[in-house]
Amino acid sequence: HAKQQHRGRWVAFDRDMAVRSRHQAELLTRLNAAFNENQLFVVYQPQIELASGRLVGMEALVRWRREDGQLIPPDTFIPVAERSGLIDALGEWVLQTACHDLLRLLRMGLDPGRVAVNVSVIQFGGATFADRVLATLERLGLPPQRLELEITESVAMLGEDVVQSVLARLRAAGLSVAIDDFGTGYSSLAYLERLPLDCLKIDRAFVRRLQQGDEARVAELITQLGHKLGLRVLAEGVEDDAVRQRLLALGCHEGQGFGIARPMAFEPLQAWLEARARTAPAGAAT
Ligand code: C2E
Ligand code: MG
Ligand code: MG
Ligand code: MG
């Protein structure tokens with residue numbers, strides 16, 4: 001009887017797997033079509049210096065709105081794009097759109113600082129990645145100092161020589177590089193210490209604990225680690241002013257989150273920047 005039950009479980013498991021992979025295949029087909037039919041767009045979330053409220057940048061986040069109006073979150077479709085190879089084209093499109101939108105804002109006299117673009121490990125590991133990023137900046141005439149790339153600890157799965165040389169090339173050109181979702185991956189501290197980086201982003205999971213009034217230990221440790229390594233520290237998921245104050249007390253330099261501003265499409269972002277320029281002259285605290 002026990003054996004039969006055991007076999008029954010495996011049959012159910014196989015069926016789940018089959019359903020899941022069919023679902024993934026359908027998702028990929030729809031994603032490919034959406035990408036070709038311009039149903040993807042990019043939103044921007046402001047990043048500020050916590051002490052002064054000064055705007056330092058904005059993170060580009062990709063969105064997919066289906067024809068029926070439903071928004072599919074990137075956590076659902078980015079992994080599908082990564083498994084299919086579509087991530088190269090998709091990621092490059094996000095990068096170009098983000099750089100182009102930043103240039104448009106600068107030409108309007110609105111200065112959001114830098115733009116931060118998420119880079120998948122698959123994209124980052126491609127042989128021509130650095131060339132393509134630098135060519136895009138060159139073609140648009142955007143100073144490399146205006147671009148930050150967000151990579152994750154998962155780059156540890158690539159050869160360390162590759163990662164080192166790509167980072168060195170990008171940073172020599174003037175770009176900055178952040179480690180995103182820090183503390184949630186599997187890389188070793190020894191590995192990270194050897195990488196030439198500019199910024200450590202504290203994952204929302206650790207920032208959320210500050211909000212709940214819990215111990216701030218992990219956020220504090222990451223901030224101190226950033227200080228020791230000479231990096232900027234940026235917290236994501238700053239949902240209210242109490243959290244912002246606690247982060248500031250920990251020595252965290254920068255933050256982004258719903259309590260500061262939600263991710264916005266280009267036009268609302270433009271309006272947000274214009275309103276800000278009217279009410280808070282350059283450099284003033286919010
Ligand atoms: P991420 O890079 O860690 O981005 C931060 C996520 O936190 C964003 O979710 C943002 O909307 C959300 N967020 C920001 N502030 C708050 C807050 O105060 N509270 C809460 N609850 N959430 C907040 P989003 O846009 O859904 O993106 C999810 C993930 O998808 C990103 O995490 C990133 O890993 C990935 N992603 C998004 N766009 C791209 C892209 O263009 N390329 C790649 N490779 N990955 C992307
Ligand atoms: Mg990010
Ligand atoms: Mg993040
Ligand atoms: Mg995150």
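Computed over segment 96-216, relative contact order equals 22 percent, with contacts defined as Cα pairs under 8 Å that lie 6+ residues apart. With every protein chain in place and a 1.4 angstrom probe, the accessible-area ranking of 181, 203, 131, 75, largest first, reads 75, 131, 181, 203.
Note on the chain: with a GNM built from Cα contacts shorter than 10 Å, the maximum mean-square fluctuation among 85, 125, 69 falls on 69. Which of 154, 188, 120 moves most in a GNM of the chain, Cα contacts under 10 Å? Checking each option, the largest mean-square fluctuation is seen for 188. GNM on the chain, alpha-carbon springs under 10 angstrom: the most fluctuating residue among 39, 224, 270 is 39.
Relative to the dominant Cα principal axis of the chain, helix 129-140 is inclined by about 40°.
If you average the sequence gap of Cα pairs under 8 Å that are 6 or more apart and divide by the length of the chain, what percent do you get for the contact order?
Working: 423 pairs, mean separation 54.5, N = 286.
Averaging sequence separation for qualifying contacts and normalising by length gives 19 percent for the chain.
I need the shape label for segment 93-232. Rule: rounded when a/c is under 1.5, else prolate if a/b > b/c, else oblate, with a, b, c from the alpha carbon gyration tensor. Here segment 93-232 falls in the oblate category. The ratio of the alpha-carbon radius of gyration of segment 191-286 to the globular-protein estimate 2.2 N^0.38 Å is 1.21. Adding -39500 (n - 2.57) for every DSSP H run of four residues or longer, then dividing by how many residues the chain holds, sets the calculated 222 nm ellipticity at -16500 deg cm²/dmol.
From the gyration tensor of the Cα coordinates in segment 17-119, what semi-axes in whole Å does the equivalent ellipsoid have, largest first, with each one equal to sqrt(5λ)? Kindly include the intermediate steps, with their values, before the conclusion.
On the way: eigenvalues 189, 41, 28 Å².
The three semi-axes for segment 17-119 are 31, 14, 12 Å.
Could you work out how much longer the chain between residue 168 and residue 194 gets when fully extended? Use 0.36 nm per residue separation minus the Cα distance between them, nm to one decimal. The partial results should precede the final answer.
On the way: separation 26, 0.36 × 26 = 9.36 nm, distance 1.15 nm.
Working it through step by step, the gained length comes to 8.2 nm.
What's the magnitude of the charge dipole for segment 121-194 around its Cα centre, counting Lys and Arg as +1 and Asp and Glu as -1 at the beta-carbon? Answer in Debye, nearest 20.
Details: 6 positive and 10 negative charges, 66 e Å.
Charge dipole, segment 121-194, about its Cα centre: 320 debye, nearest 20.
At the listed q of 0.09, 0.10 Å⁻¹, the Debye profile of the chain, built from one uniform point per Cα, gives log10 I(q)/I(0) equal to -0.48, -0.59. At the residue level, residue 15 shows approximately 150 square angstrom of accessible surface with a 1.4 angstrom probe and all protein chains present.
Contact order normalised by length for segment 46-109, with contacts defined as Cα pairs under 8 Å and 6 or more residues apart; what percent is it? Present the calculation step by step, with values, prior to reporting the outcome.
On the way: 34 pairs, mean separation 11.1, N = 64.
Averaging sequence separation for qualifying contacts and normalising by length gives 17 percent for segment 46-109.
Helix 2-36 and the longest principal axis of the C-alpha atoms of the chain enclose an angle of approximately 50°. Calculated FRET efficiency, residue 275 to residue 38, Cβ-Cβ distance, R0 = 30 Å: about 0.55 to the nearest 0.05.
The heavy atoms of residue 220 offer some 70 square angstrom of accessible surface to a 1.4 angstrom probe.
The values are calculated or read from the model by the stated rules, or taken from the named source; none is laboratory data. Not measured: the values here are computed from a predicted model. Every residue, glycine among them, receives a Cβ derived from its backbone with ideal geometry; neighbour counts consider all protein chains shown. Note: accessible area is taken over every heavy atom of the protein model, side chains too, but ligands, DNA and RNA are not part of it. Shrake-Rupley method; radii C 1.70, N 1.55, O 1.52, S 1.80 Å.
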